[in-house]
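Worksheet for the structure shown next.
The values are calculated or read from the model by the stated rules, or taken from the named source; none is laboratory data. This is a predicted model, so every value here is computed, not measured. As a convention, Cβ positions derive from the backbone with ideal geometry for all residues, glycine included, and neighbour counts pool all protein chains shown. Just the protein is used for accessible areas: all its heavy atoms, side chains included, with ligands, DNA and RNA removed. Shrake-Rupley method; radii C 1.70, N 1.55, O 1.52, S 1.80 Å.
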Amino acid sequence: MDFDFDLFVIGGGSGGVRAARVAAGETGARVGLGEESRMGGTCVIRGCVPKKLMVFASEYAEGMHEAIDYGWDVTIGGFDWTRFRTKLEGELDRLEGVYNKLLLGSGVEVFPQRATLVDAHTVRLADGIEKTAKHILIATGGWPLMPGLENEELGITSNEVFHLEALPERLLVVGGGYIACEMACIFNGLGTKVTQFYRGAQILRGFDGEARGHIAEHMERHGIAIHCGTNILRMHKGAKGIEVTATTGETHVYDQVLFATGRTPNSRGLGLEELGVEIGRRGEIVVDEYSQTAVPSIYAIGDVTNRVQLTPVAIREGMAFVETVFKGNPTPVDHELIPSAVFTQPEYGAVGLSEEEAREKGPIEVYSTAFRPMHKSFIAREDRVLMKLIVCAETRKVLGVHIVADHAGEMIQLAGVAVKMGATKEDFDRTVAVHPTMSEELVTLKTPVRRA
Ligand code: NDP
């Protein structure tokens, strides 16, 4: 059968764009791509990129106070949200243009509209035109999940947070995951009075317990009011803002309420189930290790499969898909030992197992140190850095590295290489320290603080 395309990709985010580009550019495949919103997807338009730029903006206040203590004569004015937002929007426009250019340069035909499935080889575009393809790749990402409260529409999600008309004076962040903690730190840095409700016992569930405690303590010391074991009982619009009654019974007024209560795969309304594509309990498209669905011509990558919701993982999955389907080299995606960073202030970089997870698997040694780094102790700041290694007592392999420090994201990328290579504690030990740095502690940790 003659198809219009060899590949049709639905979704122009990190994973979809990469797969389309590589399939067209490197294998000469005829590729079409449909995107209903802006090219670049969550990462570029409403996630990683604008978030990181906001992190940079928000760190200056602390930086300026530190500069004063280092001897600089600095006068700190206010933060001009409108000026920043205008610049941010310009940058996102630029990046979207880059993505479009890359796709066109690779010979991908872009359809700026929604695409849904008609059958295993046909998509229908929003304007009614149908296109056939030998393979279809779903890369539609995810979407913020609201908690299902009455009047929750008074609140916003991470989708809207970059477009606020004004910087809120009082912000309530709901949730304790990556997005909630990052946003709480960002707005705190920008001068907003931030309250965070988390329904569990400690923020950042799933990460290393010691690191979670360290970050929470730091956030609170810097002015964020974290309320664990707390949720919204009810909310409504009052004369002075959004009136929120917490499950603890207290009522406070906020200018904005940000729900960071998780994300859900964008799998609805695409016509997938009708074709026999399996959808999991959380709305995720069920795929095998080659990202293939139950319908052989349909594949799915990225957040819509709810495997690991991270941009570089979606990109890997996209590349592995092209390798498998267009280069004849079946390549499963390796989801083991993925380093990641939470861009709280201070940052948290982690790779491998948490102490709690490692303990379940066998005997371990824990090497951990918390100290005031040179940069902060010079100006009498209380902020401490945490460096932690989890080591398997039998194989001596480093099972997990946890760093809470400024630039931990940069550090964990490199530590991730060693852990992925299977480095032992002794490999870390025989590496000479880079002095004076914070990360030198990773190679000078002498005695375990505990064995478990
Ligand atoms: P997470 O799943 O990490 O966190 C969701 C949070 O909301 C949890 O604390 C959860 O509580 C809480 N929650 C869920 N439902 C409710 C509810 N009904 N009421 C109150 N609280 C609720 O999701 P995020 O949205 O923060 O992030 C989504 C994904 O995006 C992350 O998993 C991550 O993979 C990715 N991401 C990565 C970043 C990075 O790499 N730096 C940055 C941002 C996002 P509980 O713990 O009890 O379930």
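Can you give me the span-like helices of the chain, meaning DSSP H runs with 20 Å or more of Cα extent along the axis and Kyte-Doolittle mean at or above 0.0?
Once both thresholds are applied, what remains is 48-69, 311-326.
Under 11 Å from the Cβ of Val287, count the other residues' Cβ atoms, weight Lys and Arg +1, Asp and Glu -1, and hand me the total.
Here the charged neighbours net out to -4.
Near Thr245, within a Cβ-to-Cβ distance under 12 Å, what is the net charge of the other residues, with Lys and Arg +1 and Asp and Glu -1?
Counting the neighbours of Thr245, the net charge comes to -2.
Would you please classify the overall shape of region 91-175 from the alpha carbon gyration tensor, given that a ≥ b ≥ c denote the square roots of the eigenvalues, rounded means a/c under 1.5, and beyond that prolate means a/b larger than b/c while oblate covers the rest?
oblate
Please list, by residue number, every one of the chymotrypsin sites (Phe, Trp or Tyr not before Pro) in region 366-415 that is coil in DSSP and has at most 15 other beta-carbon atoms within 10 Å.
Listed in order of number, the matching sites are Phe378.
Among Ala341, Ala370, Phe326, whose Cα projects farthest towards the positive end of the dipole of region 313-406, with charges put on the beta-carbon of Lys, Arg (+1) and Asp, Glu (-1)?
Positive-most Cα among the choices belongs to Ala370.
For Lys101 and Arg430, FRET efficiency with R0 = 51 Å and r from the beta-carbon atoms, rounded to 0.05?
The formula returns an efficiency of 0.60 here.
Could you pull out the pairs from Lys51/Lys101; Lys52/Lys376; Lys52/Lys327; Lys420/Lys446 whose alpha carbons sit more than 27 Å apart here?
Lys52/Lys327
Take the solvent-accessible surface of the protein heavy atoms, probe 1.4 Å, and return the percent of it on the chain that carbon and sulfur atoms account for.
52 percent
For region 420-446 and region 115-133, compute the distance between their C-alpha centroids and round to whole Å.
Centre-to-centre distance over Cα atoms comes out at 54 Å.
Using DSSP to call loops (not H, G, I, E or B), can you name the GluC sites (Glu not before Pro) in region 110-153 whose Cβ has at most 11 other Cβ atoms within 10 angstrom?
Sites meeting the loop and neighbour criteria: Glu150.
Distance from the Cα centre of region 138-204 to that of region 208-286, in angstrom?
The distance from the Cα centre of region 138-204 to that of region 208-286 comes to 7 Å.
Does the chain come out rounded, prolate or oblate, given a ≥ b ≥ c as the square roots of the eigenvalues of its C-alpha gyration tensor, rounded meaning a/c under 1.5 and, failing that, prolate meaning a/b above b/c?
Judged from the Cα gyration tensor, the chain comes out oblate (a/c at least 1.5, b/c at or above a/b).
Given points 7 Å out from each Cα along the Cα-Cβ axis, report the Glu356 to Thr27 separation in nanometres with one decimal.
Placing both labels 7 Å along Cα→Cβ, they lie 4.1 nm apart.
Which of the aspartates and glutamates could a cross-linker span from Lys134 if the Cα-Cα distance has to be under 15 Å and same-chain partners fewer than 8 positions apart are dropped?
Partners found: Asp2, Asp4, Asp6, Asp119.
Could you tally the net charge around Tyr299, taking each other residue with its Cβ under 15 Å from the Cβ of Tyr299, Lys/Arg +1 and Asp/Glu -1?
Net charge in that neighbourhood comes out at -3.
Taking amide hydrogens as modeled 1.01 Å from N in the peptide plane, which residues meet the under 5 Å criterion relative to Leu233, leaving out close sequence neighbours?
For Leu233, the qualifying residues are Thr245, Ala246, Thr247.
Among Gly155, Ala180, Ala211, whose Cα lies farthest out toward the positive end of the dipole of the chain, if unit charges sit on the beta carbon of Lys, Arg (+1) and Asp, Glu (-1)?
Projecting each Cα onto the dipole axis, the largest value belongs to Ala211.
In what sequence, largest accessible area first, do Thr447, Thr311 appear using a 1.4 Å probe?
Thr447, Thr311
With a 1.4 Å probe and every protein chain left in place, tell me how much accessible area Glu336 has, in Å² to the nearest 10.
130 Å²
Take Met1 and Leu233, extend 7 Å from each Cα along the Cα→Cβ direction, and tell me the distance between the two endpoints in nm.
Between Met1 and Leu233, the simple spin-label model gives 5.9 nm.
Just the accessible area per residue of the chain, please: how many Å² with a 1.4 Å probe?
Averaged over the residues of the chain, the accessible area is 47 Å².
Taking the Cα centre of region 391-452 as the origin, how large is its charge dipole in debye, to the nearest 20, when only Lys and Arg (+1) and Asp and Glu (-1) carry charge on their Cβ atoms?
340 debye
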